[in-house]
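The values are calculated or read from the model by the stated rules, or taken from the named source; none is laboratory data. Every value quoted in this text rests on a predicted model; they were computed, and no experiment measured them. All Cβ positions, even for glycine, are placed from backbone atoms using ideal geometry, and neighbour counts span all protein chains on display.
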Amino acid sequence: MTPSKQVDVLLDRYPELKNQKDNIISAYKILEESYANGGKLLVAGNGGSAADSEHIVGELMKGFENPRILPQQYKQKLESIDSEMGKVLADNLQGGLPAIALDGHLALSTAYMNDCEPLLCFAQQVNGFGKEKDVFLGISTSGNSKNIIYAAIVAKAKGMKVIGLTGAKDSKLSEIADVTVRSSQTRTYMIQEHHLPIYHCLCLMLEDRFFGE
């Protein structure tokens, strides 16, 4: 299914998001270009948006709707190292699109928050992990979460693209981001209920592009 058709399926189910079609496709193109050039995704959010960050990584780093069978040459390399264990790996590993959720590194996060400036915890990780051609996805229902904004500024300074996933209102994140995909809602839980189908659509499009038939 083409990216445009994937978005049409989303918008048939959530017609209130129709004015976001171009933004969703633009976000997809940023991610597609990054992955095609060896980049990765760094994603961060707070609270429920932190859970969404982990969810996105789960959809990208393993099969979503496609089993993502490994290339035959790679399978052969695995089996050449150890015939028994290599076969287990060759039969069970799946292709992944590299993505890191920045909420989950407790030792690093707590050390940085204790020793330095707590609001810069995500920014520090973008500073350490990020490189040109990578993408930072900041999820903030208000679009004004300071730790997300700091991380977005670092990402831009490093030559990365920034995607914002927010609510309906204009925000500091929408000012900084290369593209912002917005829920049509302004209440936190309603915004979050839109974020999931939006990022599922992006993940489906990326899987089709890199692991489709």
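Of the residues in segment 73-100, how many are part of a loop (DSSP other than H, G, I, E, B) and either over 25 Å from the mean Cα position of the chain (by Cα) or surrounded by 15 or more Cβ atoms within 10 Å (Cβ to Cβ) (or both)?
Selection size over segment 73-100: 5.
Have a look at ASN114, ASN66 and point out the one that is in a loop (DSSP other than H, G, I, E, B) and either touching a strand residue (DSSP E or B) at 6+ places or on another chain (Cβ under 8 Å) or not β-branched (Val, Ile, Thr) (or both).
ASN66
I'm trying to understand the selection: among the residues of segment 1-45, which are among the charged types (D, E, K, R) and touching an Asp or Glu at 6+ places or on another chain (Cβ under 7 Å)?
The answer is LYS40, and nothing else.
Would segment 33-41 turn up any residue that is surrounded by fewer than 17 Cβ atoms within 10 Å (Cβ to Cβ) and within 28 Å of ILE191 (Cα to Cα)?
There is at least one residue in segment 33-41 that is surrounded by fewer than 17 Cβ atoms within 10 Å (Cβ to Cβ) and within 28 Å of ILE191 (Cα to Cα).
ASP103 is checked against (1) touching a strand residue (DSSP E or B) at 6+ places or on another chain (Cβ under 7 Å); (2) assigned to a loop (DSSP other than H, G, I, E, B); (3) surrounded by fewer than 19 Cβ atoms within 10 Å (Cβ to Cβ); (4) not β-branched (Val, Ile, Thr) and fails just one. What number does that condition carry?
(3)
Those residues that are closer than 14 Å to LEU60 by Cβ and buried (at least 19 other Cβ atoms within 10 Å of the Cβ), I need them from segment 161-213; list them, please.
ILE163, TYR199, CYS201, LEU202, CYS203, LEU204, MET205, LEU206, GLU207
Given the structure, is VAL7 among the β-branched types (Val, Ile, Thr), at pLDDT 95 or above and not in a helix (DSSP H, G or I)?
Against the criterion (among the β-branched types (Val, Ile, Thr), at pLDDT 95 or above and not in a helix (DSSP H, G or I)), VAL7 does not qualify.
Out of curiosity, is ILE24 in a helix (DSSP H, G or I), touching a residue at least 40 places away in the same chain (Cβ under 8 Å) and touching a Lys or Arg at 6+ places or on another chain (Cβ under 6 Å)?
no
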